[in-house]
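One structure is given here, and the rest of the page talks about it.
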Amino acid sequence: KYSRAFKQQLAKLAQHESSLELSRKFDVPSSLIRYWASVFQIHGLNSFVHANSPYDSSFKFKALKTMQANNWSLGHCSAYFDLSSPGILFQWQTLYSREGISRLTPKKKGRPRMKHSSSELKPSEQMTEKELREELEYLRAENAVLKKLAALAQAKKKKAKKRP
């Protein structure tokens, strides 16, 4: 939502001005400005560089273990690992406590690909009688739909010709 340069600019200003003043001035939540200031304090000019790909499970586990070992807060730990927000670390912590390390692996997003059924790939000689009947029923239904579609298109053309 905010550019890297903007975050660095506000983080630098937060060293001299209060986060509340900056919040009013730039219309950004003061908690976010304080978080950006802590990230900038730790990483300097190399801050706010986030990987485009999802974090792998080993990185997530390392962040959680470091937070636990050093007794760090979510905010400090996420600033230390230069995460976009402490909320990400909280989600990892919740998933890990519920389901263990296996849940930290990134999941593929989006709709899964459709798999072709094995009956479509079999030649008719190798199909059982039940499979042949199912395919016949499917083809008959498909044929009926196509006929109905053609009839509707023809009726629409006739109706269009009658109007002028």
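The values are calculated or read from the model by the stated rules, or taken from the named source; none is laboratory data. Bear in mind the structure is a predicted one, so any value in this text is a computation, not a measurement. Cβ atoms come from the backbone with ideal geometry, glycine included; neighbour counts cover every protein chain shown. Surface areas here come from the heavy atoms of the whole protein model, side chains and all, with no ligands, DNA or RNA. Shrake-Rupley method; radii C 1.70, N 1.55, O 1.52, S 1.80 Å.
Here Cα Rg over 2.2 N^0.38 Å was computed from the coordinates, and among (i) 1.17; (ii) 1.94; (iii) 1.12 the match is (ii). 3J(HN,Hα) along segment 65-74: 5, 5, 4, 5, 5, 8, 6, 8, 7, 4 Hz, from the Karplus curve 6.51 cos²θ - 1.76 cosθ + 1.60 with θ = phi - 60°, whole Hz, x for Gly and Pro.
In the elastic network of the chain, a GNM with C-alpha springs shorter than 10 Å, the most mobile of Leu64, Leu149, Leu89 is Leu149. Couplings for segment 12-19, taken from phi via the Karplus curve 6.51 cos²θ - 1.76 cosθ + 1.60 with θ = phi - 60°, read 5, 5, 5, 6, 10, 10, 6, 5 Hz in order; Gly and Pro are left as x. When His16, His76, His50 are compared by accessible area of protein heavy atoms, the largest-first order is His16, His76, His50, using a 1.4 Å probe.
Sparse packing (at most 11 other Cβ atoms within 10 Å of the Cβ) combined with a DSSP loop state is found for the following trypsin sites (Lys or Arg not before Pro) in segment 93-164: Lys107, Lys108, Lys109, Arg113, Lys115. Calculated [222 nm] ellipticity per residue, helices only, for the chain: -20500 deg cm²/dmol; basis is -39500 (n - 2.57) per DSSP H run with n ≥ 4, divided by all residues, nearest 500. Just checking the listed ones, Gln41, Gln68, Gln154: in the Gaussian network model of the chain with Cα springs under 10 Å, the one fluctuating most is Gln154. The lysines within cross-link reach of Lys147, meaning a Cα-to-Cα straight distance under 20 Å and a gap of 8 or more places when in the same chain, are Lys156, Lys157, Lys158, Lys159. When the accessible area of the chain is split by element with a 1.4 Å probe, what percent falls to carbon and sulfur? Its accessible area is 54 percent carbon and sulfur atoms.
In this structure, the pairs whose alpha-carbon distance is over 28 Å, taken from Lys62/Lys115; Lys62/Lys109; Lys108/Lys148; Lys108/Lys130; Lys25/Lys62, are Lys62/Lys115; Lys108/Lys148; Lys108/Lys130; Lys25/Lys62.
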